[in-house]
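For reference, the structure discussed in these notes is given below.
Taken together, the values in this text are just the output of simple stated rules run on the coordinates, not laboratory data. Worth saying up front: this structure is predicted, and the values here are computed from it rather than measured. Positions of Cβ are generated from backbone atoms using ideal geometry, with glycine treated the same way; all protein chains shown enter the neighbour counts.
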Amino acid sequence: MKLSVSEFKEDYIAAIKGTSARQIEDTTPLERYNALGELMKDYIGNLWANTNKTYREEHSKQVYYFSMEFLTGKFLENNLTNLSIYDVVEQGLKELGISLDVLAEVEVDQGLGNGGLGRLAACFMDAMSSTSIPGHGCGIRYKNGLFEQRIIDGYQVEFPDRWLVNNNVWEYKRPNKAVIVKFNGRVDTYMDGDTLKFAHVDYDAVRAVPYDTPILGFENNTVNTLRLWSAEEIDDIFDFENFSRGNYLSAFEKKHSVEIITQILYPNDAYEEGKLLRLKQEYFFVSAGIQSIFTTFKKMGVPIEQFSEHIAMHINDTHPALAVPELMRILLDEEGLDWDMAWKITTSCISYTNHTIMSEALEKWPHFMMRDLLPRITMIIDEINRRFIESLKYVYLYTDEEKIHNMAIIKDGMVKMAHLAIVGSHSVNGVAKLHTEILKTKELKDFYNIYPTKFNNKTNGIMHRHWLLNANPDLTDYVEGLIGDGFKKNPIVLRDLLKYRDDKVVQNALFDIKHKNKENLAKFIYEKQGVKIDPYSIFDMQAKRIHEYKRQHLNILHVLSLYNKLKANPNLDIPPRTFIFAGKSAPSYYVAKQIIKLITTVADMINNDTSIKNKLKVVFLPNYGVSLASKMIPAADVSEQISTASKEASGTGNMKFMMNGAITLATLDGANIEIMNEVGENNIVLFGLKDQEVFKYYQDGSYNAYELYNTTPAIKQVVDQLVNGFLPAAKEEFAPIVDRLLRFNDEFFVLKDFESYCDAQERIGLYYRDKPHWMKMSLTNIACSGVFSADYTIEKYASSIWNINRKPLDFKL
Ligand code: GL2
C-alpha cells in the first residue's frame, strides 16, 4: 500500500491516543505495540472487506484448510512486509523515538502447534493469500499454546504458555457468528412421510465462538481469514442457585467443563494419546467450521447439489477426519439429501494429507467412546464402514477376508481415522516424494491398489518471505543487489545467483553476512546463557522436536567422540566447532527428556574444560519456536537432518536452513532427497542407511546392535561413557538411553549409522577449511532453495487437488 512517513506518523499518534489515552512519551512498549497493531488492522480492514466482497460477488470457489494446529508465530513484521510498508513504519517510528525492533520483541509467538505439521499449516495460510487463492484456515483457539520450555538443572521443565495474557491484537472475536456443537445424548428415529429421519436429542450443547485473524498476501491486496474456535458455555452463566448456597466451585463446574475443550493444545508431536478430551476437540472445531461454511454457502444462493463446485475442504492429517461424517450428517439430516448424493458431495469436497507413517501417530478411537460422545456421527461412520466393506467384498470376490478386515474403518472395536479419511476423500497426498512412495508401496498399499488415482505427492514448502526476507534482511538486500527483487514474488529466480558461484567477491560478501549473523547469535547466547562461542567456529545446528527417530543422540554421541579425540590430543588440528541444539520433548516422552539432559550434561562438561582450547562448544537453546528459529537459522553453517531413513515424512527445517546458506548434513530421508536433487550431491553431505536397507533390517531382523557395540571400539567407548561415571551425572541417569540402544536393539539405527556419520562430520570439517569451496556450496544452496517456497506447493494443491482457478484481485487501496 501507499503510505508516506508523515502520514504514518500522524496515523500512529492518533492510534496511540485512541488505544491508550496517553501521551506518546508516557506509553510503555506494550501500549506502543498494541497501538501499532490496531493501526495495522485499520489498514488491513479495507482490504479484508474488499477481498470477501470480491469472493462473494464472483462466487469464487473457497478452500477451507482444517488443522488442529496453526503455528503462526508473530504477525507484526510479516504484515508490514506484506503490505510493503516495513521501511516507512520503521522510519516513522524512529522519528518518534521508537524502535520497531523493540516493539517486535513485545509480540508473543502464537504457538498453537507442536512442530512441522502446525508450522506448515501457518505457511500455507500465507501462501494461499500470497498466490491469491481464496483459502481460509479453520482451527482451535487454544488458551494455552505449546508449553514454554525451561531448562532447570539440565532437564526440560514445562511451564504454561500464557500467550493471551496481554490480549491478542490481531484477532477479531465474532460472537454473532457463534454456532452450537452437540455432544453426548442419543439419536431418536422417526418417519417423516416415507423417509426415515434421525434426531439427536438430550445432547450437551457447547457454544463455539469464532475468532478471526486476517492473513495478508504479499503485495497483492488479498486478505484471507484464519478462523479459530473457542468453546464457551451456552449462556455463559454459572449456576446461581448453587452459588447462593455457597457452593462456589460446583457453581462454575459446568462452565469449566465446557471451556476446558479449548483450554490446551496436546503437546505431542506425531503421537496420539487417545484421550476423550482430544476427541472432543476434534469434533468441536470440525463441526463448528463446517456449520459456518454452510452459512457462507447459503448466502451464495446456489443449489446444494453444487456444493463441491464452490467449496473444497482439506484435512491436515487425520485430526479433522470427522469432517467426513459431519458433512454427511448435515447433508443427510439437515439438507435432506439421500445417501448417494451426500456421499458424492462429501468425497468430492474433502481431501486429506498424511504427515507420518509412524504407527504411534495413526489415530484410532474406541468405538464405544465415540458412540457415547458422538452418537449420530458414529452411526454415520458405521454406515460408511458397512458400505465400504460391501464394496471390498465385491472387489476381492469374498476371497480375502483378512485383507478386508485390515482395511475396514472399524476394526477390533476401534475406529481408524486414516481409513475413514482415505475412503471419505478424493485425494490423499504425502508430503515428500519418498514419503508418498512409502505410502503407496507399504503403509497404505492396499488402499493404493483400489484407489490408485487418489494418491499423489505434494512436497512441503516454507514461507520464503519469512525465512529469507524477515529473518535475514542483510542476505535479502545483498541478493536483491545482485539479481533484482523478482525472487520476492517468484523465488525460483534465486537460481540466477548460480552465475556468481565462483565469484570471489560474492563469496566473501556472503561469508561476511553469515559471520555477522553468527556474531549476533553468539551475543544472544552469551546474554542468555553466559557461554562464549566463537563466531569463527562452524555453527552446526539441530533444531527440531526431540525424538529418537530424529536422532539428537547420534549427534551428541559424535560430539562426545570428538571431545575424546581432543582430550587425547589437545593440539589436534580441526576447525573449531559449536554444536547448537534446540527443541522440545513431549512432556511424557521419558527417553527424549533424558536425551535433553544428556546434551546439557555433555555441554556443561565440554564448555568448562579449558584443556581443549575452545575448539569445541555445545549449547542447548531453550524454548524453540518460530521466533528462536528466526534468530538461529540465518547463523547456521551446518543443518543437521539426520533422521533414520524413511521416518521423517518430509521435514521443513531442512528447507529453511538451506535457504539461509547452511550445508545440509543428511540421511536420504524425506525432503532431504529432493534437496539433494536440487543442489547436486556435491553440495550436500550424505551418510547412513537408505530406506530400503532400514526396511530390510526390520524385516529380516539381521541387525544386532549389541554385537556392533562389542566389535567397534569407537562405539563402545562413547556408549560406555554414558553410564560409567565419565559424565558429571548420576551413573543411572542415561541408562534408559543405553537400554534403547543395546537391550532394545537400537530401533533407529543410531549405532549402525554412527561411523558413517562421523566420517560425514569429518568431511564437513575439511570442506569448511576450504573457504571458496564452502562458500560455493553455500551459495548453491541459497540459489536452489526457491523451489521449496510454499507458494509453489500451494499452487499445486490448488490446481490438482482443490480445482481452484486463481485470479489475482485487482483493487487498490
Ligand atoms: C510431520 C512430519 O513428522 C514432518 O516430517 C513433516 O515435515 C511435517 C509436515 O508435513 O509433518 N508429521 C507430524 O505428525 N508432525 C510433523 O511435523 N508433527
Any aspartates and glutamates with Cα under 14 Å of the Lys523 Cα? List them, leaving off those in the same chain fewer than 8 positions away.
-> Asp534
Please say if the stretch 675-780 is rounded, prolate or oblate, where rounded means a/c under 1.5 for a ≥ b ≥ c the square roots of the C-alpha gyration tensor eigenvalues, and otherwise the choice is prolate for a/b larger than b/c and oblate otherwise?
-> oblate
Note: Asp338 to Asn677 extended length (0.36 nm per residue) minus current alpha-carbon separation gives 117.1 nm
Out of Val559, Asn472, Asn704 - ranked by how far each Cα lies towards the positive end of the dipole of the chain, with unit charges on the beta-carbon of charged residues - the top one is Val559
Highest first, please rank the peptides 484-490, 347-353 by the mean number of other Cβ atoms sitting within 10 Å of their residues.
-> 347-353, 484-490
Selected from Tyr394, Gln91, Met341, residue furthest toward positive end of dipole (the chain; charges at beta carbon) = Gln91
Could you calculate the FRET efficiency of Glu58 with Glu95 from 1/(1 + (r/R0)^6), where r is the beta carbon distance between them and R0 is 60 Å, rounded to 0.05?
-> 0.90
Once you sort the root eigenvalues of the Cα gyration tensor of the stretch 163-311 as a ≥ b ≥ c, which label holds: rounded (a/c under 1.5), prolate (a/b larger than b/c) or oblate (the other case)?
-> oblate
Taking the Cα-to-Cβ direction at Leu276 and at Lys393 and moving 7 Å from each Cα, how far apart do the two end points lie in nm?
-> 3.5 nm
Simple Cβ-charge dipole of the stretch 475-791, Lys/Arg +1 and Asp/Glu -1, about Cα centre, in debye nearest 20 | 760 debye
Note down the nm distance, to one decimal, between modelled labels 7 Å out along Cα→Cβ at Ser756 and at Lys299.
-> 5.6 nm
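Can you compute the FRET efficiency between Val591 and Arg769 using 1/(1 + (r/R0)^6), with r the Cβ-Cβ distance and R0 = 51 Å? Round to the nearest 0.05.
Numbers: r = 36 Å, r/R0 = 0.71.
After rounding, the FRET efficiency stands at 0.90.
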Rg(Cα)/(2.2 N^0.38 Å) for the stretch 475-791, N = residue count = 0.99
In the chain, which longest range has no GluC sites (Glu not before Pro) that are both DSSP loop (not H, G, I, E or B) and surrounded by at most 16 other Cβ atoms within 10 Å?
-> 336-746
Please sort by residue number the trypsin sites (Lys or Arg not before Pro) in the stretch 55-155 whose DSSP state is loop and whose Cβ has at most 15 other Cβ atoms within 10 Å.
-> none
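Of the beta bridges DSSP finds with both residues in the chain, what % are antiparallel, to the nearest 5?
On the way: 36 of 81 bridges.
Here the share of antiparallel DSSP bridges comes out near 45 percent.
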In square nanometres, what is the average projected area of the Cα convex hull of the stretch 381-503?
-> 11.5 nm²
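Counting other beta carbons within 10 Å of each residue's own, what order do Leu668, Leu265, Leu572 fall into, fewest first? Kindly include the intermediate steps, with their values, before the conclusion.
Numbers: Leu668 19, Leu265 23, Leu572 13.
In order of increasing Cβ crowding within 10 Å: Leu572, Leu668, Leu265.
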Cβ-Cβ FRET estimate between Tyr706 and Glu158, R0 fixed at 25 Å, reported to 0.05 | 0.15
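For the stretch 96-255, would you read off the P(r) tail past 22 Å as a percentage of all alpha carbon pairs?
On the way: 8239 of 12720 pairs.
Every Cα pair in the stretch 96-255 considered, those over 22 Å come to 65 percent.
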Residue-span extension gain [Glu383 to Thr453] - 0.36 nm each, minus C-alpha spacing | 22.8 nm
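Quick one: compute a quarter of the convex hull surface over the Cα atoms of the chain and quote it in nm². Each step should come with its number before you reach the end.
On the way: hull surface 151.5 nm².
Reported value for the Cα convex hull: 37.9 nm².
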List the lysines whose Cα lies under 17 Å from the Cα of Lys796, skipping any in the same chain that are fewer than 8 positions away.
-> Lys61, Lys433, Lys454, Lys458, Lys489, Lys807
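What's the local net charge at Lys173, with K and R +1, D and E -1, over the other residues with C-beta under 12 Å away?
Details: positive: Arg141, Arg174, Lys177, Arg227; negative: Glu171, Asp212, Glu232.
Result for the local shell: +1.
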How large is the helix-only mean residue ellipticity at 222 nm for the chain, computed as the sum of -39500 (n - 2.57) over DSSP H runs with n ≥ 4, divided by its residue count, in deg cm²/dmol to the nearest 500?
-> -14000 deg cm²/dmol
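Taking the Cβ of each residue in Lys440, Lys2 as the centre, tally the other Cβ atoms inside 10 Å and list the residues starting with the fewest. Walk me through the numbers before you get to the answer.
Details: Lys440 19, Lys2 9.
With the sparsest Cβ surroundings first, the list reads Lys2, Lys440.
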Rank Thr353, Asn623, Ser799 by how far each Cα sits towards the positive end of the charge dipole of the chain (+1 on Lys, Arg Cβ; -1 on Asp, Glu Cβ) and give me just the farthest.
-> Asn623
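Quote the charge dipole size of the chain about the Cα centre in Debye, to the nearest 20; the model charges only the Cβ of Lys and Arg (+1) and of Asp and Glu (-1). Write down the numbers at each step before the final one.
Values: 93 positive and 107 negative charges, 189 e Å.
Magnitude of the dipole: close to 900 debye.
For the residues Ser756, Ser427, what sequence is obtained by ranking on other C-beta atoms within 10 Å, fewest first?
Ser756, Ser427
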